[in-house]
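Input: a single structure, listed below in structure tokens.
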Amino acid sequence: MDSSPRAVVVIGVSGSGKTTVGRVLAERLGADFADADDFHSSANIAKMRSGHPLTDEDRTPWLHAVGQRLADSLADGRSVVMACSALRVRYRDILREYAPGAFFLLLDADRRVLRERVAARQGSFMPASLLDSQIATLEPLRVGEVGVRLDVAGPLEVTVSGALAALDSPPPSVGTTSP
């Protein structure tokens with residue numbers, strides 16, 4: 001990765017490892033780390049805790065706050081890794097308004113793996129009951145989106161190594177899958 005500040009957005013459904021991968025990746029890159037969950041309003045958190053998925057109306061101010069955090073880091077000359085579900089192309093479009101060169105790492109795994117991970121988590125406001133709605137909402141990276149899909153069923157180190165390799169390569173073809 002060159003020395004210019006970059007925005008890397010680690011995306012995916014609940015249980016895909018966005019926060020875990022994002023933290024390790026930020027450490028390895030010497031970048032700031034932020035978790036988009038920290039930018040949710042108390043109303044959004046209460047809604048998710050009660051088992052109700054967010055609407056686009058709920059998400060819009062949150063996505064703008066996340067985007068502003070990306071822009072602030074870049075404006076300060078710092079790279080940033082953001083863990084953010086960003087499940088739809090239009091959500092990622094909002095983030096690109098703030099960080100046009102954002103690189104998206106789509107973390108993906110089999111539904112069974114995701115369910116096991118969500119069930120094993122403690123302290124999350126996101127109940128396992130919302131996993132299916134997230135999977136249904138997820139839109140893969142499309143043409144024009146710079147990023148890569150990473151299978152996260154294996155060890156964390158394999159995922160992080162795949163992410164680092166993708167970031168050090170020329171922009172990959174959308175839809176590329178890494179180990």
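The values are calculated or read from the model by the stated rules, or taken from the named source; none is laboratory data. Please read all numbers here as calculations on a predicted model, not as lab measurements. For neighbour counting, all protein chains shown are included, and Cβ atoms are generated from backbone atoms with ideal geometry for every residue, glycine included.
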**OP:** Filter region 88-113 down to the residues that are in a loop (DSSP other than H, G, I, E, B) and among the aliphatic types (A, V, I, L, M), then identify the one that is farthest from residue 169 (Cα to Cα).
**Re:** 109
Original post:
How many residues does region 97-134 contain that are at pLDDT 90 or above and touching a helix residue (DSSP H, G or I) at 6+ places or on another chain (Cβ under 8 Å)?
Top reply: 8
Original post:
Regarding residue 70, is this residue buried (at least 17 other Cβ atoms within 10 Å of the Cβ), within 26 Å of residue 153 (Cα to Cα) and touching a strand residue (DSSP E or B) at 6+ places or on another chain (Cβ under 8 Å)?
Top reply: no
Subject >> Test: residue in region 89-96 that is buried (at least 16 other Cβ atoms within 10 Å of the Cβ), more than 30 Å from residue 116 (Cβ to Cβ) and at pLDDT 95 or above >> reply: yes
**OP:** Could you check, for region 43-56, whether at least one of its residues is at pLDDT 95 or above and in contact with a Ser or Thr (Cβ under 7 Å, 6 or more places away or on another chain)?
**Re:** no
Original post:
Does residue 85 satisfy the condition of being outside any helix (DSSP H, G or I) and of a type in the set (Ser, Thr, Tyr)?
Top reply: yes
**OP:** Tell me, please, whether a residue that is within 10 Å of the chain's Cα centre (by Cα), in a helix (DSSP H, G or I) and in contact (Cβ under 8 Å) with a residue 12 or more places away in the chain can be found in region 35-51.
**Re:** yes
Original post:
Among the residues of region 15-51, how many are among the hydroxyl-bearing types (Ser, Thr, Tyr) and either within 16 Å of residue 147 (Cβ to Cβ) or buried (at least 21 other Cβ atoms within 10 Å of the Cβ) (or both)?
Top reply: 1
Original post:
Quick one: which of 78, 59 is assigned to a loop (DSSP other than H, G, I, E, B) and either surrounded by fewer than 16 Cβ atoms within 10 Å (Cβ to Cβ) or modelled with pLDDT under 95 (or both)?
Top reply: 78
